[in-house]
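Q: Here it is: the structure, laid out below.
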Amino acid sequence: MRKYRSWLMGLGIGLIIGASMLQLIQLAQEQAVMVAEEPITREQLKDEAEKADLVLLTEEQLAAKVESAVSAALQDEAPKTQGESEGNKETNSALKPPEPSKDPEPKTATLNVTYGMTLTEVADELKMLGVIEDAEDFIYVASSIAKKMSVGKSTFTGKPTYKAIMQELTREK
């Protein structure tokens, strides 16, 4: 008996799993029949919509709401365009370039780290993206994470420190 122990264990486990799968299949078939027998009524649908804080509309009501929203948007836009055209008449002779904003948005760079990418390749890509200035310096500092880099997209905002770059390259994606 000991000779066939693993075979008998496999047979028993297989029978148990097979019986469980058969029960699940029968349960799914019963539920499919019950769903097919009972179509949902409009009242049931309305009750479910109210529970979810939704509104049930007919096609005509939906079209009317869309039409009113479009007309409201057009009315809001009309005064803006009229004001702009009046302003353009006054300043047509002296066109001025727009003033740069005082707080420029920090530049966002995205690096896609692929499987098998070396630290040197990552450093070169970061240098091309403008995230780091010196690739060799970054390689020296980040040599400890060379084998720990995670595959996926890494996003860098502004000018991050080497430590922040290393954390982004090793985080789970």
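Q: Pairs only if they're at least six apart or on different chains, beta carbon under 9 angstrom, first in the stretch 1-29 and surrounded by fewer than 10 Cβ atoms within 10 Å (Cβ to Cβ), second at pLDDT below 95; list them, first residue then second.
A: Hits for this filter: 1/8.
Q: Out of all the residues in the stretch 160-172, which are surrounded by 13 or more Cβ atoms within 10 Å (Cβ to Cβ) and either of a type in the set (Lys, Arg) or touching a residue at least 40 places away in the same chain (Cβ under 8 Å) (or both)? Walk me through how you get there before you give the answer.
A: Going through the stretch 160-172, the residues surrounded by 13 or more Cβ atoms within 10 Å (Cβ to Cβ) turn out to be 160, 162, 164-170.
Matches in the stretch 160-172: 169 only.
Q: Keeping to the stretch 115-143, report how many residues are free of Cβ contacts under 8 Å to residues at least 12 places away in the same chain and either more than 28 Å from residue 105 (Cα to Cα) or in a loop (DSSP other than H, G, I, E, B) (or both).
A: 4
Q: Hey, another quick one. I'm checking my understanding of the structure. Among residues of the stretch 141-159 that are within 13 Å of residue 118 (Cα to Cα) and not aliphatic (A, V, I, L, M), which one is surrounded by the most Cβ atoms within 10 Å (Cβ to Cβ)?
A: Residues of the stretch 141-159 within 13 Å of residue 118 (Cα to Cα): 142-151.
Within this subset, residues satisfying the condition of being not aliphatic (A, V, I, L, M) are 143-144, 147-148, 150.
Values: 143: 10, 144: 10, 147: 7, 148: 10, 150: 14.
Across the stretch 141-159, the extreme among qualifying residues is 150.
Q: Within the set of pairs 6 or more residues apart or between chains, which connect a residue that is on the phi < 0 side of the Ramachandran plot and surrounded by 11 or more Cβ atoms within 10 Å (Cβ to Cβ) inside the stretch 37-49 to a residue that is modelled with pLDDT of 85 or more and small (Gly, Ala, Ser) with Cβ atoms less than 9 Å apart?
A: Sorted first by the residue in the stretch 37-49, then by its partner, the list stays empty.
The values are calculated or read from the model by the stated rules, or taken from the named source; none is laboratory data. In this text, all values refer to a predicted model and were calculated from it rather than measured experimentally. Please note: Cβ atoms are built from the backbone with ideal geometry, for glycine as well, and neighbour counts cover all protein chains shown.
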